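Written out below as structure tokens is the structure these notes cover.
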Amino acid sequence: MCIKQVPGVSEVKIDPKTNTLVREGVLSIINPNDRNALELALTLKEEYKAEVIALSMGPPQAEEALREALAMGVDKCFLLSDRAFAGADTLATSHTLALAIKKVINETDPGEKYLIICGAQAVDGDTGQVPPELAEELGIPQITYVQNIELSEDKIVVERKFRATEIVVIETKLPALISVLIDINKPRYPSMAGIMKAYDNANVVYLDSNALNADKSKIGLNGSMTEVKKIFFPERKVNPVMLEGSAEEIAKKLCQYLKDDKIF
Amino acid sequence: MSIVIDEELCTGCASCMDSCMYDAIELKNNIATVLKDNCTLCKACIEICPEEAISLEREDVKIQKVDISQFKGVWVVAEHYKKKIQNVSLQLLNKGRELANLLQVNLSFLLLGTDFDDKLEELSLYGMDEIIYIKSPILKDYYSDLYTKVISELVLENKPEIILIGATPTGRDFAPRVAKRLNAGLTADCTGLEVNHATRDLLQTRPTYGGSIMATIRTPSSRPQMATVRAGIFNMPEKVKKRVNIRKIEYEFEEEDSVSKIVKVISKTKTSVNLEDAKIIVAGGRGVGSREGFRVIEELAEVLDAELGGSRITVELNWLDPDRQIGQTGKTVTPKLYIACGISGAIQHIVGMQNSEIVVAINKDSNAPIFNWAHYGIVGDLHEIIPVLIEEIKKIKVDE
């Protein structure tokens, strides 16, 4: 399963005076959706005695996120960290993750019996593009926006949220990739014993571009097709007509305006 | 590869620091310095520097170049449900027409489905030059692998320069897969699309970091340029009568083309929540104060025959059901009237409702950012104003 470390976005605010981001006190967290992916992986581990392997790509500080995953019960962790991975868009990111997953599969040899679980999207970039791109690169079927799953010997049957009022039940063969929604489960908290274990024994294995035998033209900025041209803060759109007076006066005025605007 | 700052040119103005979201630039002796460990090479600072003192130093890596001049034309991929083309696809045709005109190329509508033969004439009123209709019985439903196969093949054959797709659970499922297969740049959830005449680059603007920041993205050296857009971002097109070329292709799939099978479709007992199509929405925020406090908001919604919504915090506090959340992580809505009650107007919320036709904001705090987005503003206690407003509306409804 894949984890991304993200800034706690709901904390990010703009300083109205300087029109810049206020970053003080913003902690890095495991992307909330990835916690659901983790929880699902751990449930399947308990049910099917599966081994749960977590991967993350990011700077060395992303090790914290993986330590937390270990504390929750993940068996093994890999951190893909290298300056050469920096500046990656979703294409380059999915390529790097795919290289690492192929390496891990090669080493652990699960045959056909593996399932890749991702969160449906990350709260920072919020593209949701990495899971399908990863599935494509691995050449396995994908089912995105999953809110329920049943696993059997060599196949999965999942419920995919398709529209607000409709769920599609899809069956596919293993190996497969799913991306899960926030309503699939309630993620557990790490136990004290888990935390002790995560910091005492378990390892986070670092993989750099050499370890992955990566083609330099396909990773990081070089492997990215998209580039950021400009970053700006959203602007004010309209000047409001302010309604003043007693509640009655305000209500009357508003209704008149809305009548004029042909709302009523 | 790294960001380098020319110390001779740097004036220490710090605009690069402000543009950096990763705390990767600091001033040392009044000269900007890059902290390599934090830098993600996003290049925001390069664009912002007024002195052009910042550049990217690349290693010499051979990157396969695509001859982008071969790619011409704008495509919109149709999304349909129960034989009806979804509004988001028609809205994209409207935007696609504008882009195609600027680039002086054709606009094509790519439709994968079955049973559309008798609908093509009606569809041809939406401004495209061409409909490419890929027909197969299995395309009645959506399958990621079949869509990916067909669209990738058609793109390789026809080489469009721009492909627009709805940012729906369907579009967001196949678009990345197609992008990967074609090694094409893809930008999710765009709220603005423009083209640069000279380079023919599609300038794709989207909210990022929970909507706190807008980023404009381009794909300078590769084609096609793919973008997904949510429903309601662009307007519906006017119907026009014009000659539309129809290319119908009967497509035959092989058994192994799809590993996945649809077992069944479960329709949930129709929830009454339909924010996306609502004409009027009454939404509450933290300022409503409590779950009980929402009753007055509900009552206002009732008299207006409106749908009820709220900001993220109201869902987190359990005052409101999650399917009523409006904003970056919730629904994007485009009603004729949006009444924001006790909503401060964090940008995460704004991105979900900014295309409402008329916005009324009621808030105690006259400095609340929501007033920057409102057409009518009321500074005051919503619990005093709304009950009076409800009575006033009732009177009007009786008069009618």
Every residue in the stretch B:307-328 that is crowded, with 23+ Cβ neighbours inside 10 Å and part of a loop (DSSP other than H, G, I, E, B), please. B:SER311, B:LEU320, B:GLY327, B:GLN328
Going by the conditions given, is A:VAL241 facing chain B (nearest Cβ under 7 Å), surrounded by fewer than 19 Cβ atoms within 10 Å (Cβ to Cβ), of a type in the set (A, V, I, L, M, F, W, C) and without any contact (Cβ under 8 Å) to a residue 40 or more places away in the chain? yes
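Determine whether B:LEU186 is at pLDDT 95 or above and either more than 14 Å from chain A (Cβ to nearest Cβ) or assigned to a helix (DSSP H, G or I) (or both).
no
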When the residues of the stretch B:7-30 are narrowed to those that are of a type in the set (Ser, Thr, Tyr) and in a loop (DSSP other than H, G, I, E, B), which ends up farthest from A:PHE233 (Cα to Cα)? B:THR11
Select the strands (runs of 3 or more DSSP E) contained entirely in the stretch A:150-245, then report the ones holding at least 2 residues which are closer than 30 Å to B:GLY185 by Cβ. A:155-163, A:166-173, A:176-180, A:204-207, A:227-232
What are the residue pairs meeting all of these: first residue in the stretch B:96-113, first residue assigned by TED's automatic domain parsing to the domain that holds B:LYS82, second residue of a type in the set (Ser, Thr, Tyr), Cβ atoms under 7 Å, and 6 or more apart or on different chains? B:LEU111/B:TYR133; B:LEU112/B:TYR147
Considering the stretch A:102-131 alone, what residues qualify as being surrounded by fewer than 23 Cβ atoms within 10 Å (Cβ to Cβ) and part of a helix (DSSP H, G or I)? A:LYS102, A:LYS103, A:VAL104, A:ILE105, A:ASN106, A:GLU107, A:THR108
Does A:ALA65 satisfy being assigned to a helix (DSSP H, G or I), buried (at least 18 other Cβ atoms within 10 Å of the Cβ) and out of contact with any strand residue (DSSP E or B) (no Cβ under 8 Å at 6 or more places or on another chain)? no
Could you grab me the full set of residues in the stretch B:368-400 that are touching a Gly at 6+ places or on another chain (Cβ under 8 Å), crowded, with 22+ Cβ neighbours inside 10 Å and modelled with pLDDT under 95? B:ALA368, B:ILE370, B:PHE371, B:TRP373
Could you give every pair whose Cβ atoms fall below 8 Å, whose first residue belongs to the stretch B:234-249 and is among the β-branched types (Val, Ile, Thr), and whose second residue is in a loop (DSSP other than H, G, I, E, B) and surrounded by 12 or more Cβ atoms within 10 Å (Cβ to Cβ), counting only separations of at least 6 or pairs across chains? B:VAL240/B:GLY127; B:VAL244/B:MET128; B:VAL244/B:ASP129
Considering only strands (runs of 3 or more DSSP E) fully contained in the stretch B:210-280, which possess at least 2 residues that are loosely packed, with under 14 Cβ neighbours inside 10 Å and facing chain A (nearest Cβ under 10 Å)? B:261-267
Name every residue in the stretch B:31-52 that is of a type in the set (S, T, N, Q) and either under 20 Å from B:ARG218 (Cα atoms) or not in a loop (DSSP other than H, G, I, E, B) (or both), in order of residue number. B:THR33, B:THR40
Selection count where residues are assigned to a loop (DSSP other than H, G, I, E, B) and either out of contact with any Lys or Arg (no Cβ under 8 Å at 6 or more places or on another chain) or modelled with pLDDT of 90 or more (or both), scope the stretch B:347-356: 1
Exactly one of B:ARG312, B:ARG291 is more than 16 Å from A:ILE263 (Cβ to Cβ), more than 11 Å from every other protein chain (Cβ to nearest Cβ), without any contact (Cβ under 8 Å) to a residue 40 or more places away in the chain and of a type in the set (Lys, Arg), and that residue is B:ARG291
Every listed condition ((1) more than 17 Å from B:SER311 (Cβ to Cβ); (2) of a type in the set (Val, Ile, Thr); (3) within 30 Å of the chain's Cα centre (by Cα); (4) crowded, with 22+ Cβ neighbours inside 10 Å) holds for B:VAL360 save (1)
Any hit, the stretch B:68-77, residues being within 11 Å of chain A (Cβ to nearest Cβ), surrounded by fewer than 20 Cβ atoms within 10 Å (Cβ to Cβ) and either farther than 27 Å from B:SER108 by Cβ or free of Cβ contacts under 8 Å to residues at least 40 places away in the same chain (or both): no
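The values are calculated or read from the model by the stated rules, or taken from the named source; none is laboratory data. Worth saying up front: this structure is predicted, and the values here are computed from it rather than measured. Neighbour counts run over all protein chains shown; Cβ positions are idealised from the backbone, glycine included.
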